[in-house]
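*Asks:* For reference, the structure I am asking about is given below.
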Amino acid sequence: MAEPQAIGAALRGQVAQLKPSQESTPEDEAGARYIAQAKERIRTGLSKEANARMGIPERYTGKKLSELHRHSAEVDRARRLISENESVTLSGPTGVGKTHLGLGLLCEFMAQDFDGILVKDRFFDRTPRCPFFISAIDLLLEFKHSFNERSSELEVLVRYRDKPLLMLDDLGAEAVTDYTRATLYALLDHRYKRRLPTIVTSNLDLAGISERIDDRIASRLNEMGEVIQLQGHDWRTGTPAQQEW
């Protein structure tokens, strides 16, 4: 009969054979480098593939948060809110960096979740969640076009309402109708109830949104998170920017 020590050694040897090797292969290391480089390109807004997936227009390539030196406190505050699944309304005059800040948050969110596997020089994307950018005008145009297309209004709403992070740019630039009010409220209310973070940019403050668009929408934005006011000079002209009220 075999000694207990010999039996134990044999069993340990069998278990060791069943355990996967902890040593990384060259392919693992290449995959890790690829993902790290891709994350940095996504974070800084330079990945054309990621920008396309997020709906970011080519004009807005490379909008990184590190460039917003004048708004570092606002950047930190917005980051914290998004990380806590709270929403952010970025309000301020034209040209102070509202869209830039929102896009930077969107890209950072995407970079954090980016993942995949490299197999024989071919990358398979396994990113679980993808944020999305759309302007308020384009969103409402999609709803209006659904009248004449095979898609329904509900299909358009479903396309955006459950995005893990949605950026709705330039709220208030669109023509305001009862249909506009109902559509925007339906989208924001759905996301509010499910605690899905939303980034909204507007030249209007909450009082202006209440007066020009709808008081229910202004109230919902207030309840969804925080309003961050951006001030300063217009980045494009260098002149003092003027807030709309």
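*Asks:* Just flag the trypsin sites (Lys or Arg not before Pro) in the stretch 124-188 sitting in loop per DSSP whose Cβ has no more than 16 other Cβ atoms within 10 Å. If you can, show how the numbers build up before the last one.
*Replies:* Working: sites: Arg126, Arg129, Lys144, Arg150, Arg159, Arg161, Arg181; in loops: Arg126, Arg129, Arg150.
Passing both the DSSP loop test and the Cβ count: Arg126, Arg129, Arg150.
*Asks:* Please give the peptides 56-69, 195-208 ranked by average Cβ packing (other Cβ atoms within 10 Å per residue), highest first, as a rough proxy for protection.
*Replies:* By packing density, highest mean first, the sequence is 195-208, 56-69.
*Asks:* Of Leu154, Ile42, Leu196, whose Cα points farthest to the positive end of the dipole of the stretch 25-229 (charges on the beta-carbon: +1 Lys, Arg; -1 Asp, Glu; origin at the Cα centre)?
*Replies:* Ile42
*Asks:* Of the options Ala186, Ala73, Thr127, report the single residue whose Cα projects farthest towards the positive end of the charge dipole of the stretch 25-229 (beta-carbon charges: Lys, Arg +1; Asp, Glu -1).
*Replies:* With unit charges placed on the Cβ atoms, the residue in question is Thr127.
*Asks:* Per residue and in Å³, how big is the convex hull formed by the alpha-carbon atoms of the stretch 25-229?
*Replies:* Convex hull volume per residue, Cα atoms: 129 Å³.
*Asks:* Could you pull out the chymotrypsin sites (Phe, Trp or Tyr not before Pro) across the stretch 122-196 that fall in loop regions by DSSP (anything but H, G, I, E, B) with no more than 16 other Cβ atoms inside 10 Å?
*Replies:* Phe147
*Asks:* What does the charge dipole of the stretch 64-123 about its Cα centre add up to, to the nearest 20 debye, if the Cβ of each Lys and Arg holds +1 and the Cβ of each Asp and Glu holds -1?
*Replies:* Taking the Cα centre of the stretch 64-123 as origin, the dipole is about 160 debye.
Where a number appears in this text, it was derived from the coordinates with a stated rule and is not lab data. Predicted model, so just to flag it, every value in this text is computed and none were measured. Cβ atoms come from the backbone with ideal geometry, glycine included; neighbour counts cover every protein chain shown.
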